[in-house]
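Down below is the structure, laid out as structure tokens.
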Amino acid sequence: MSAPQDTDGGTPPARAARAVRGAGVRLLVLAGIARRGLNQHALSTVVTALSAALASGLVLAVFAVSAQTREAFTSGALGIDAVLGARGSPLQLVLNTVFHLETSPGNLPWSTYEAVRADPRVARAIPYAVGDSYRGFRVVGTTPERFELEGADGRPLLRVAPGGRVFDPGRREAVLGASVARRAGLGVGSHFHPEHGVGHRGGEDHEHEEEYVVVGVLEPTSSPSDRVVWIPIEGVFRMGGHVLRGAGSYVPRPGEAIPDEHKEVSAVLLKFRGRQAGFQLAALFNQEERAATLAWPVAASMAEVFDKLGWLHRVLELVAYLVVAVAAGSILASLYNAMGERRREFAILRALGARRRAVFGVIVLESTAIAALGAALGYLVYMLVLAAAAVLVRRSTGVVLDPFFFHPALVVVPLAMVGLGVLAGLLPAWRAYSTDVARGLSPTS
Amino acid sequence: MALLELADVLVRFPDPEGRPETVLDVARFELDAGEHVALVGASGSGKTTLLHVVAGLLRPTAGRVLFDGVDLAGLSEGRRDAFRARNLGYVFQSFHLLQGFTALENVVLGMAFGSGPDRAAARELLERLGLGHRLHHRPAQLSVGQQQRVALARALANRPRLVLADEPTGNLDPARAREALELARELCADCGAALLVVTHDPAALGEFQRVVRLDEISAAARTAVAAGGGEGGA
């Protein structure tokens with residue numbers, strides 16, 4: 001008669017190898033049981049996984065989309081160091097001149113532009129005159145120098161696509177941003193009439209009489225510049241209905257040069273010769289003269305927006321965390337509620353020789369699988385939110401969000417979701433662990 | 001030496017008032033290797049509890065449960081689980097097949113915690129029981145008789161040394177019940193397993209090598225026999 005098989009025989013290495021193989025097989029068996037358990041409660045599994053996906057996706061979106069938006073608005077290549085404008089909010093100045101949002105805080109006399117351009121600390125000074133639009137796109141009057149601003153790589157930030165050229169400052173010519181050309185259906189050789197104001201109201205009543213011809217379309221830049229109609233600054237001065245108030249009211253007459261004292265600019269983009277110039281000119285304009293505002297550094301002004309909106313980010317974070325808590329709770333509840341009807345299943349498994357820790361493991365595997373499925377689907381939710389955010393941001397600012405933008409949350413959040421899944425499974429698993437086998441097997445149970 | 005030996009086994013549970021209530025009291029019971037024994041007793045006399053104790057699902061309040069000389073009552077729960085997985089097969093009255101699994105998977109699960117899953121062996125066993133065409137059917141898609149055979153296959157899948165059957169024919173008509181018991185005995189004999197069957201079917205008792213009445217192996221019976229100087233035992 002052979003001895004009962006309550007111990008393993010063989011040499012220690014053989015026993016160890018057998019134990020490892022056995023553990024692997026048992027894990028596969030438990031995974032199979034867990035999979036079948038999830039299949040048996042497919043509806044509950046899918047709904048719970050979707051709630052986990054929503055939670056994971058929302059947290060990802062809150063962290064990654066907001067971080068990317070902040071980066072896009074605060075660290076994009078601008079080619080300038082500062083913006084000089086009328087006395088007021090530096091933020092409004094930056095939003096208006098760099099992102100072509102909001103309204104201009106006011107005008108500066110032409111002499112201020114001339115003075116700052118002549119300052120040896122200033123490498124470039126580019127005037128802006130704004131106030132008109134075309135089909136909702138801002139019209140910016142400037143000089144050809146605007147197209148010479150370079151990025152960190154030394155290449156021009158705005159490049160006219162082949163077949164076009166930069167406007168002649170003395171003619172009614174325009175260069176269109178890529179989005180304007182695409183959405184307005186204009187190309188080189190097209191004619192259009194700018195409209196009064198910056199709000200798109202449509203209709204001939206709001207059109208200026210002056211007709212402009214498109215001489216160039218910019219290559220796409222994924223920046224707010226894609227949404228701008230660039231015309232010579234002289235054109236803005238001479239646009240019908242415009243009154244220059246640099247020195248009393250003055251309406252330019254055709255064929256007659258405009259005296260400089262009547263000219264005004266909305267803002268001046270500045271490129272300094274060194275960082276020290278920024279400190280000095282900021283002190284000059286913002287603290288000493290106090291006749292104009294120097295927004296410097298530009299990125300700091302934009303960062304201020306996000307800092308001011310920090311509370312909103314925290315609220316969104318809180319909401320996302322609450323959704324995560326609800327998702328973890330729903331995993332717990334769905335598994336815990338199923339324990340009653342699965343008591344017999346676990347009792348049978350125990351009767352077949354499964355240890356308590358095996359049935360515990362089955363439930364933890366199930367909760368982990370639901371959370372992992374949710375975390376995977378969470379990427380889909382994140383991509384959908386990102387796509388929606390990208391469309392909104394691009395439509396309103398021209399800034400393009402990168403779908404492949406990396407943020408640590410993209411790794412941490414799904415892992416945390418899986419970890420929460422493990423935790424959510426502990427209580428139901430404990431209930432399975434505590435199954436009374438004898439009662440579970442009784443015919444009346 | 002007996003394959004299974006119970007000595008002075010006592011199982012007590014608290015009653016609703018919290019007082020200990022004896023639900024099983026066995027003075028002595030032995031079962032030899034390969035022996036086929038029927039266990040009978042009144043309802044509520046502790047037959048199922050005895051099977052649970054033998055299976056290691058329940059640790060007795062007192063006494064020894066020796067399986068081939070190893071005292072199950074002295075093993076930890078984990079070792080009893082492993083012991084059960086490797087040495088015992090269990091057939092339940094209502095079969096207790098796992099509803100989410102096919103017939104084949106149910107049998108494979110019977111091996112999973114013991115010798116390890118072996119689909120080929122499980123398939124062969126089911127084919128031998130005439131279920132080759134029902135391998136991938138779930139319990140709900142099988143007749144009662146077919147479920148009973150799957151349960152028997154699962155109990156035998158690990159080639160156990162002892163098969164416990166708790167009223168395995170309770171849900172079958174008399175003809176099928178005799179057929180099922182015959183099959184169980186035949187399969188146990190083939191693999192050399194002992195068989196301990198709890199049954200209420202008087203017609204089936206004659207087929208067993210030995211019939212044990214639970215009240216005759218109880219401590220109370222022994223005391224009565226000792227006091228009267230008469231015969232007793234199983």
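The values are calculated or read from the model by the stated rules, or taken from the named source; none is laboratory data. For clarity, every value in this text was computed on a predicted model and none was experimentally measured. Virtual Cβ from ideal backbone geometry, glycine too; neighbours counted across all protein chains shown.
Values computed for the structure shown
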quantity	calculated
Residue within the range A:134-154 that is closer than 13 Å to A:I233 by Cβ, touching a strand residue (DSSP E or B) at 6+ places or on another chain (Cβ under 9 Å) and assigned to a loop (DSSP other than H, G, I, E, B) present	yes
Criterion violated by A:V364 - all others in (1) within 14 Å of chain B (Cβ to nearest Cβ); (2) buried (at least 21 other Cβ atoms within 10 Å of the Cβ) satisfied	(1)
Spans of helices (runs of 4 or more DSSP H) in the range A:22-121 with at least 1 residues in the same structural domain as A:A376 (by TED's automatic domain parsing)	A:42-60, A:66-74
Only one of A:F137, A:F63 that is touching a residue at least 60 places away in the same chain (Cβ under 8 Å) and closer than 30 Å to A:L332 by Cα	A:F63
Qualifying residue in the range A:435-445 (condition: under 19 Å from A:A358 (Cα atoms), at pLDDT 90 or above and more than 13 Å from the chain's Cα centre (by Cα))	no
Complete set of residues in the range A:277-293 that are part of a helix (DSSP H, G or I) and not hydrophobic (A, V, I, L, M, F, W, C)	A:G278, A:Q280, A:N286, A:Q287, A:E288, A:E289
B:V9 vs. criteria more than 14 Å from chain A (Cβ to nearest Cβ), under 19 Å from the mean Cα position of the chain (by Cα) and farther than 29 Å from B:L187 by Cα	yes
Test for A:E234: is it over 32 Å from the mean Cα position of the chain (by Cα) and more than 27 Å from A:E114 (Cβ to Cβ)	no
Check on A:R183, among the charged types (D, E, K, R), surrounded by fewer than 21 Cβ atoms within 10 Å (Cβ to Cβ) and part of a helix (DSSP H, G or I)	yes
The range B:199-209 - residue that is surrounded by fewer than 14 Cβ atoms within 10 Å (Cβ to Cβ) and in contact (Cβ under 8 Å) with a residue 24 or more places away in the chain and, of those, farthest from B:R178 (Cα to Cα)	B:Q209
Flag for A:F346 being within 14 Å of chain B (Cβ to nearest Cβ) and in contact with a helix residue (DSSP H, G or I) (Cβ under 6 Å, 6 or more places away or on another chain)	yes
Every pair of residues 6+ apart whose Cβ atoms lie under 6 Å, when the first sits in the range B:87-99 and is at the interface with another protein chain (Cβ under 7 Å from one of its Cβ atoms) while the second is assigned to a strand (DSSP E or B) and buried (at least 24 other Cβ atoms within 10 Å of the Cβ)	B:Y90/B:L164; B:F92/B:D166; B:Q93/B:D166
Selection within the range B:30-46 - touching a strand residue (DSSP E or B) at 6+ places or on another chain (Cβ under 8 Å), within 13 Å of another protein chain (Cβ to nearest Cβ), surrounded by fewer than 21 Cβ atoms within 10 Å (Cβ to Cβ) and not acidic (D, E)	B:A33, B:G34
Tally of residues being in contact with a Gly (Cβ under 7 Å, 6 or more places away or on another chain) and closer than 28 Å to A:L50 by Cα across the range A:344-368	7
Near pairs, Cβ below 6 angstrom, 6+ apart or cross-chain, from the range A:148-174 (more than 17 Å from A:H191 (Cβ to Cβ)) to any residue that is in a loop (DSSP other than H, G, I, E, B) and among the charged types (D, E, K, R)	A:R159/A:E219; A:A161/A:E219
Test: B:V54 is modelled with pLDDT of 90 or more, at negative phi and surrounded by 23 or more Cβ atoms within 10 Å (Cβ to Cβ)	yes
Residues (part of a loop (DSSP other than H, G, I, E, B) and within 7 Å of chain A (Cβ to nearest Cβ)) located in the range B:100-110	B:G100, B:F101
Unique match (being in the same structural domain as A:V47 (by TED's automatic domain parsing), under 30 Å from B:R84 (Cα atoms) and modelled with pLDDT of 90 or more) among A:I370, A:I363	A:I363
Which listed residue, of B:V65, B:V107, is more than 21 Å from A:L30 (Cα to Cα), of a type in the set (V, I, T) and at pLDDT 90 or above	B:V65
Filter result (under 15 Å from the mean Cα position of the chain (by Cα), among the basic types (K, R) and more than 13 Å from chain A (Cβ to nearest Cβ)) within the range B:150-194	B:R185
Odd one out for B:L142, checked against (1) farther than 22 Å from B:V212 by Cα; (2) within 9 Å of chain A (Cβ to nearest Cβ)	(2)
The range B:59-82 - residue that is facing another protein chain (nearest Cβ under 7 Å) and in contact (Cβ under 8 Å) with a residue 60 or more places away in the chain and, of those, farthest from B:A27 (Cα to Cα)	B:D68
Candidates A:R342, A:R357, filtered to the one that is surrounded by 20 or more Cβ atoms within 10 Å (Cβ to Cβ) and either of a type outside the set (G, A, S) or without any contact (Cβ under 8 Å) to a residue 24 or more places away in the chain (or both)	A:R342
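Quick grid of which residues meet (1) at pLDDT 90 or above; (2) out of contact with any strand residue (DSSP E or B) (no Cβ under 8 Å at 6 or more places or on another chain); (3) closer than 30 Å to A:P144 by Cα:
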position: A:V251; (1), (2), (3): no, no, yes
position: A:E256; (1), (2), (3): no, yes, yes
position: A:E261; (1), (2), (3): no, no, yes
position: A:V265; (1), (2), (3): yes, no, yes
position: A:L270; (1), (2), (3): yes, no, yes
position: A:L294; (1), (2), (3): yes, no, yes
position: A:E317; (1), (2), (3): no, yes, no
position: A:L332; (1), (2), (3): yes, yes, no
